[in-house]
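The values are calculated or read from the model by the stated rules, or taken from the named source; none is laboratory data. Note that the structure is predicted; figures quoted are calculated from it, not measured. Please note: Cβ atoms are built from the backbone with ideal geometry, for glycine as well, and neighbour counts cover all protein chains shown.
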Amino acid sequence: MARSDQTRHYRHALEQAIGFSQVVQSSGFLLLSGMVSMDANAQCVGRGDMKTQVQTIYTEVGRILVDYGLSFEHVVRETIYTTDLDALIAAAPIRLKFFERVRPPAATWVRVAGLYAPEYLLEVEITAEVPESDRGAP
C-alpha cells in the first residue's frame, strides 16, 4: 500500500470512489495509474476518436510529469490497453510526437475487450524514473 506522502490525486472523487491513487512516487520511480481520455469533470474526451484520446492522454501525462519536474525523457516504461489495436497503430504518430526528442520507452500494447467505460478506447500506464537529485519532490 502506498503511503500518503508517496501519492498525489488528480481526480480525487473518482480515485476515492474506485480506490486508487493516480500517481505514486516510490523507490526512484513515478508510477502513473492507467489514464484514460478524461476531462476535469471525469467525462470522456474524444468519444470514438482514437487520435483525440491519444493526444488527450499524453498531454495529461506531460502535465503530471512537469508537476514532478520531469519530462518524457524520464519515461522508462508504458503499458497501453486498447479496445482497437488497428486504430491505435494508426494514431501512433501522435504518441511518438511526445517522444520526438528522446527514445521511446519500453512498451507493451495489449488488446482488451473493454476498459473503465465503453467510450474509452485506450488506457495508458506510465513508469518514469526520478533522478536521485529530485527524489522527494511534491
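Quick one: in segment 110-138, which of the residues that are touching a residue at least 60 places away in the same chain (Cβ under 8 Å) and part of a helix (DSSP H, G or I) is nearest to Val54 (Cα to Cα)? Across segment 110-138, the extreme among qualifying residues is Asp134.
Just to be sure, is Ser37 modelled with pLDDT of 90 or more and among the hydroxyl-bearing types (Ser, Thr, Tyr)? For Ser37, the condition - modelled with pLDDT of 90 or more and among the hydroxyl-bearing types (Ser, Thr, Tyr) - is met. Filter segment 59-73 down to the residues that are in a helix (DSSP H, G or I) and among the hydrophobic types (A, V, I, L, M, F, W, C), then identify the one that is nearest to the chain's Cα centre (by Cα). The residue in question is Val61. Of the conditions (1) free of Cβ contacts under 8 Å to residues at least 60 places away in the same chain; (2) surrounded by fewer than 15 Cβ atoms within 10 Å (Cβ to Cβ); (3) closer than 22 Å to Arg95 by Cβ, Arg47 fails just one. Which one is it? For Arg47, the failing item is (1). For Arg95, are the conditions met, namely being in a helix (DSSP H, G or I) and either at pLDDT below 95 or basic (Lys, Arg) (or both)? So Arg95 fits the description; yes. Cβ-Cβ contacts under 7 Å between residues 6 or more apart (or on different chains), taken from a first residue in segment 75-97 that is closer than 17 Å to Arg63 by Cα to a second residue that is hydrophobic (A, V, I, L, M, F, W, C) and assigned to a helix (DSSP H, G or I), are listed as Ile94/Val54; Arg95/Val54. Exactly one residue out of Ala42, Ala107, Ala87 is assigned to a helix (DSSP H, G or I), out of contact with any Cys (no Cβ under 9 Å at 6 or more places or on another chain) and surrounded by fewer than 19 Cβ atoms within 10 Å (Cβ to Cβ), and it is Ala87.
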